Amino acid sequence: MNEVREIVTKAVVAKGKKVMHISHELHTTAHPYSILGCWIINHEFEASKHDNLIDIDGSLEVNIWYSTEENTKTDVLREIITYQKNIKVKQIVNDYLKNSDDVLAKILKHPTVTNAKINNDIIYLDIEFEVLAEVIGETKMQVTVFNPIETQEEDIEDLDIEVNENFLGES
């Protein structure tokens with residue numbers, strides 16, 4: 001006896017990913033001579049859905065270690081950069097409850113400085129990272145039920161009768 005039932009469940013209904021690029025200028029009162037190191041820490045972001053786009057609002061702290069006075073002294077420049085980007089998502093499931101949307105976003109590639117240069121005492125940075133965004137929504141799926149619960153209980157009773165409890169004592 002087969003029965004078809006509908007189950008309401010949460011599933012990924014839309015998905016997208018994007019490599020994000022940020023260009024930023026850092027101004028300093030010192031006269032930078034050369035860049036000795038760049039790193040990014042404290043990356044935080046929030047994701048929200050708007051039509052077929054996921055809006056990503058975030059911030060990150062960039063630290064630039066640079067030399068001054070013709071490589072005789074060093075200093076570290078710290079600055080928090082905020083950004084707003086969006087990711088276009090592709091609809092995977094068309095039939096779902098639109099007001100049940102949850103947005104999940106995760107970093108696939110953490111932010112890194114891909115290029116840093118000095119021009120007229122201004123430090124120019126190019127930052128790159130990759131984000132995956134998924135929209136989770138409530139949808140229905142159909143499943144086939146092969147054995148109703150009543151039949152399974154009868155099978156369990158028959159199993160109890162067939163068990164030989166003295167199988168270790170037999171040679």
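Close Cβ contacts (under 9 Å, 6 or more residues apart or on different chains) running from residues in region 50-72 that are more than 16 Å from Ile107 (Cα to Cα) and open to solvent by 10 Å² or more (accessible area, probe 1.4 Å) to residues that are outside any strand (DSSP E or B) and among the hydrophobic types (A, V, I, L, M, F, W, C) comprise Asn52/Val89; Leu53/Val89; Thr68/Ala30; Glu69/Ala30. Scanning region 87-100 for residues that are open to solvent by 80 Å² or more (accessible area, probe 1.4 Å) and in a strand (DSSP E or B) turns up Lys88, Lys90, Leu97, Lys98, Asn99. Being more than 26 Å from Val8 (Cβ to Cβ), touching a strand residue (DSSP E or B) at 6+ places or on another chain (Cβ under 9 Å) and in a strand (DSSP E or B), is that true of even one residue in region 131-143? Yes, that holds for at least one residue. When you go through (1) open to solvent by 60 Å² or more (accessible area, probe 1.4 Å); (2) farther than 30 Å from Glu138 by Cβ; (3) among the polar types (S, T, N, Q); (4) in contact with an Asp or Glu (Cβ under 9 Å, 6 or more places away or on another chain) one by one for Gln84, which number turns out not to apply? Of everything listed in (1) open to solvent by 60 Å² or more (accessible area, probe 1.4 Å); (2) farther than 30 Å from Glu138 by Cβ; (3) among the polar types (S, T, N, Q); (4) in contact with an Asp or Glu (Cβ under 9 Å, 6 or more places away or on another chain), Gln84 misses just condition (2). Of the residues making up region 1-16, those that are outside any loop (DSSP other than H, G, I, E, B) and either exposed (fewer than 15 other Cβ atoms within 10 Å of the Cβ) or hydrophobic (A, V, I, L, M, F, W, C) (or both) are Glu3, Val4, Arg5, Glu6, Ile7, Val8, Thr9, Lys10, Ala11, Val12, Val13, Ala14. Put simply, of His43, His24 the only residue that is part of a strand (DSSP E or B) and over 14 Å from the mean Cα position of the chain (by Cα) is His24. Scanning region 17-49 for residues that are polar (S, T, N, Q) and open to solvent by 50 Å² or more (accessible area, probe 1.4 Å) yields a total of 4.
The values are calculated or read from the model by the stated rules, or taken from the named source; none is laboratory data. Every value quoted in this text rests on a predicted model; they were computed, and no experiment measured them. Cβ atoms come from the backbone with ideal geometry, glycine included; neighbour counts cover every protein chain shown. For accessibility, only protein heavy atoms count, side chains too; no ligands or nucleic acids. Shrake-Rupley method; radii C 1.70, N 1.55, O 1.52, S 1.80 Å.
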